[in-house]
């Protein structure tokens with residue numbers, strides 16, 4: 001997927017990656033890369049400003065934790081973030097469903 | 001200097017904002033690179049190659065810094081707006097309480113002496129009158 005398309009969906013992918021619990025930046029990036037089968041070509045650094053922005057919007061919270069003797073900053077969804085994810089997921093499904101319907105029936 | 005150190009140096013040179021915010025990002029990026037390098041070396045990739053790949057995969061430090069600086073500035077502006085809103089709300093609530101209190105107290109007659117004792121200037125002027133001199137004149141024996 002071209003980088004500009006990825007950027008448009010980055011927020012949704014980040015919220016989805018944190019849906020099942022807190023993760024640090026590297027783990028988030030690896031999660032997206034692994035589940036997408038490497039379809040997204042994006043620099044890892046892209047996620048940090050986006051995480052910072054989502055935290056500023058109150059959708060995520062973050063804290064430093066000790067993981068096997070290493071200090072890592074982990075992010076997790078807030079209640080507002082959970083609600084935002086549910087809304088954006090529905091929006092994406094409607095959007096993708098609409099495009100698929102047109103593609104299939106044309 | 002290693003590739004990783006070079007990357008972090010280039011990044012920190014372009015970051016704006018508070019020391020705390022910059023340190024936070026640097027610590028996160030450094031941890032990310034450590035994990036990426038370790039994951040590659042665990043798969044048998046050489047240390048040097050793993051470092052090169054991790055740094056390249058992370059992207060351009062200038063682009064990251066620009067993007068990060070924008071989000072930080074946005075968060076700071078949002079924080080300032082929140083602080084301003086708190087000040088305005090507090091002032092409004094204080095004003096309403098003062099007006100309410102004044103309206104309730106307005107029907108009662110306040111003793112003049114007590115009322116006067118709450119005025120600092122009145123007390124200050126009266127003390128000088130008691131001393132037999134003007135509040136604006138220096139005491140005897142002082143001044144030129």
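The numbers here are math on the coordinates, done by the rules we state, and not lab data. Remember, predicted model here, so these are calculated numbers, not experimental data. Reconstructed Cβ throughout: ideal geometry from the backbone, glycine too, with neighbour counts over all protein chains shown.
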| query | In segment A:14-46, how many are touching a residue at least 60 places away in the same chain (Cβ under 8 Å) and not in a helix (DSSP H, G or I)? | reply | 2
| task | Confirm whether residue B:93 is part of a loop (DSSP other than H, G, I, E, B) and away from chain A (no Cβ under 14 Å). | result | no
| query | Just wondering, is there one or more residues in segment A:73-87 that are surrounded by 12 or more Cβ atoms within 10 Å (Cβ to Cβ), over 24 Å from residue B:60 (Cα atoms), within 13 Å of the chain's Cα centre (by Cα) and within 13 Å of chain B (Cβ to nearest Cβ)? | reply | no
| request: Can you run down the residue pairs with Cβ atoms below 6 Å, 6 or more apart or on separate chains, where the first is in segment A:47-64 and surrounded by 22 or more Cβ atoms within 10 Å (Cβ to Cβ) and the partner is in a strand (DSSP E or B)? | output: A:51/A:75; A:54/A:60; A:60/A:75
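Return the only residue of B:38, B:28 being surrounded by 17 or more Cβ atoms within 10 Å (Cβ to Cβ) and either over 24 Å from residue A:50 (Cα atoms) or within 13 Å of chain A (Cβ to nearest Cβ) (or both). Talk me through it step by step, then tell me what you get.
Values: B:38 fails: surrounded by 17 or more Cβ atoms within 10 Å (Cβ to Cβ).
Within the list B:38, B:28, the selection yields B:28.
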| query | Given the structure, is residue A:60 under 13 Å from residue A:85 (Cα atoms) and within 14 Å of another protein chain (Cβ to nearest Cβ)? | reply | yes
